[in-house]
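Trainee: Structure below; questions to follow.
The values are calculated or read from the model by the stated rules, or taken from the named source; none is laboratory data. It should be emphasised that the depicted structure is a prediction, and the values quoted were computed from it without experimental measurement. All Cβ positions, even for glycine, are placed from backbone atoms using ideal geometry, and neighbour counts span all protein chains on display.
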Amino acid sequence: MKKYMLFFLIILLVLTACNLPSSPAPIETPIPPTTTPTDVPTSTPEPTSTATLIPTATATATFTPSPTITPTFTVLRAEVLERANCRYGPGWPYLYKYGLLKGSNLEVIGRLDDANWIQLQAIGGDNPCWVKASLMEVKGDIFTVEPVYPDQAPLPVSPYYVPLSGVTATRERDQITIHWIGQTLRAGDEENANSPLYVAEIWACEKGEFKFSPYGLYTEELIVFDEAGCSEISHGQVYFAEKHGYAGPTQIEWPEIQ
């Protein structure tokens, strides 16, 4: 009986196995065809315009003026050699200001270009006047003192009279003749009986040297000489003088050398 049961189970197992579904056949996955890349023509970039450089103007060197050298001037000391008159201007025609005693020591603060007359004052003072250089013993080189006339040492101005008018000048070769319309002093306005009524200041060329000359005059005429040969321009001016100061100056229209 057991044999029959065993046999029956084996047959049942075999039959069961035969009825199982068979494994499905593998499905082939289609392989997509390989695409050979085709060269796609790329657009050739058009040449871009290159900016043309416009030449710029070459900067030229600008002229730089050399610095002007300012001269250094000195103030010197001087001793009065003999009693002297100190005046408002650099010459005998100018008004008297005060007297200087022999042995006095003063400061020399200015001069004419040729240093024949010098401007001085008390040491530390502020009341300058002019004296002839030969009457002083200057301690130092006088040409290191600043030349100041007329620009920095003007004459005192008269408040009571007007400048001269009608000033003319004519030339005959080297001779210059100057005229003007005169004026009369009121009583008491003269410095003294010998004081000139007019002071003429002339810058002229003599023997190749440009010189300053002051003239004290009592009439309305002056004759001077002016030669060729100087680089400076000759010129002149004239004042009316009274004890308080000077009316003017009136410029002289200087005649040219023919």
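Listed here are the residues, each with its yes/no results for (1) of a type in the set (A, V, I, L, M, F, W, C); (2) exposed (fewer than 10 other Cβ atoms within 10 Å of the Cβ); (3) modelled with pLDDT of 95 or more; (4) touching a helix residue (DSSP H, G or I) at 6+ places or on another chain (Cβ under 7 Å).
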position: Thr50; (1), (2), (3), (4): no, yes, no, no
position: Ala61; (1), (2), (3), (4): yes, yes, no, no
position: Thr64; (1), (2), (3), (4): no, yes, no, no
position: Thr72; (1), (2), (3), (4): no, yes, no, no
position: Asn116; (1), (2), (3), (4): no, no, yes, yes
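Trainee: Could you check the range 179-195 and list, in sequence order, the residues that are farther than 13 Å from Ala241 by Cα and surrounded by 14 or more Cβ atoms within 10 Å (Cβ to Cβ)?
Mentor: His179, Trp180
Trainee: Specify the residue that is surrounded by the most Cβ atoms within 10 Å (Cβ to Cβ); the eligible residues are those in the range 118-162 that are under 26 Å from Glu242 (Cα atoms) and among the β-branched types (Val, Ile, Thr).
Mentor: Ile118
Trainee: Here are the criteria: (1) touching a strand residue (DSSP E or B) at 6+ places or on another chain (Cβ under 7 Å); (2) closer than 19 Å to Tyr246 by Cα. Tell me which single one Ile176 does not satisfy.
Mentor: (2)
Trainee: Restricting attention to the range 69-79, does a residue exist that is within 27 Å of Pro196 (Cβ to Cβ) and outside the structural domain of Glu191 (by TED's automatic domain parsing)?
Mentor: no
Trainee: For the subset of the range 237-258 comprising residues that are more than 34 Å from the chain's Cα centre (by Cα) and at pLDDT 95 or above, which member is nearest to His179 (Cα to Cα)? Walk me through how you get there before you give the answer.
Mentor: If we filter the range 237-258 for residues that are more than 34 Å from the chain's Cα centre (by Cα), which is where we start, we get 240-245, 258.
Okay, now just the ones that are also at pLDDT 95 or above, so 240-245.
Details: Phe240: 13, Ala241: 16, Glu242: 19, Lys243: 23, His244: 24, Gly245: 22 Å.
The qualifying residue nearest to His179 (Cα to Cα) is Phe240.
Trainee: Among the listed residues Leu120, Leu135, which satisfies the condition of being in the same structural domain as Ala84 (by TED's automatic domain parsing), in contact (Cβ under 8 Å) with a residue 40 or more places away in the chain and more than 38 Å from the chain's Cα centre (by Cα)?
Mentor: Numbers: Leu120 fails: more than 38 Å from the chain's Cα centre (by Cα).
The unique qualifying residue is Leu135.
Trainee: Being of a type in the set (A, V, I, L, M, F, W, C) and either more than 37 Å from the chain's Cα centre (by Cα) or in a loop (DSSP other than H, G, I, E, B) (or both) is the filter here; which residues of the range 225-236 pass it?
Mentor: Ala228, Cys230, Ile233
Trainee: Related question: Among the residues of the range 72-101, which ones are among the aromatic types (Phe, Trp, Tyr) and touching a residue at least 60 places away in the same chain (Cβ under 8 Å)?
Mentor: Selection gives Phe73, Tyr88, Trp92, Tyr94, Tyr96.
Trainee: For residues that are free of Cβ contacts under 8 Å to residues at least 24 places away in the same chain and of a type in the set (Gly, Ala, Ser), tally how many sit in the range 173-187.
Mentor: The total comes to 1.
Trainee: If you don't mind, there's one more thing I want to ask. Only one of these is aliphatic (A, V, I, L, M), farther than 25 Å from Ala153 by Cα and either surrounded by fewer than 13 Cβ atoms within 10 Å (Cβ to Cβ) or in contact with a Lys or Arg (Cβ under 9 Å, 6 or more places away or on another chain) (or both): Ile202, Ile233, Ile257. Name it.
Mentor: The match here is Ile257.
Trainee: Among the residues of the range 142-172 satisfying the criterion of being of a type outside the set (Gly, Ala, Ser) and without any contact (Cβ under 8 Å) to a residue 60 or more places away in the chain, which is farthest from Val108 (Cα to Cα)?
Mentor: Within the range 142-172, the first condition is being of a type outside the set (Gly, Ala, Ser), and the residues that meet it are 142-152, 154-157, 159-164, 167-168, 170-172.
Keeping just the survivors that are without any contact (Cβ under 8 Å) to a residue 60 or more places away in the chain gives 143, 147-148, 150-152, 154, 172.
Details: Phe143: 11, Pro147: 11, Val148: 12, Pro150: 16, Asp151: 17, Gln152: 15, Pro154: 17, Glu172: 41 Å.
Applying the filter and picking the extreme gives Glu172.
Trainee: Those residues that are in contact with a Phe, Trp or Tyr (Cβ under 7 Å, 6 or more places away or on another chain) and under 19 Å from Ser213 (Cβ atoms), I need them from the range 132-175; list them, please.
Mentor: Hits for the range 132-175 are Lys132, Ala133, Leu155, Leu164, Val167, Ala169, Asp174, Gln175.
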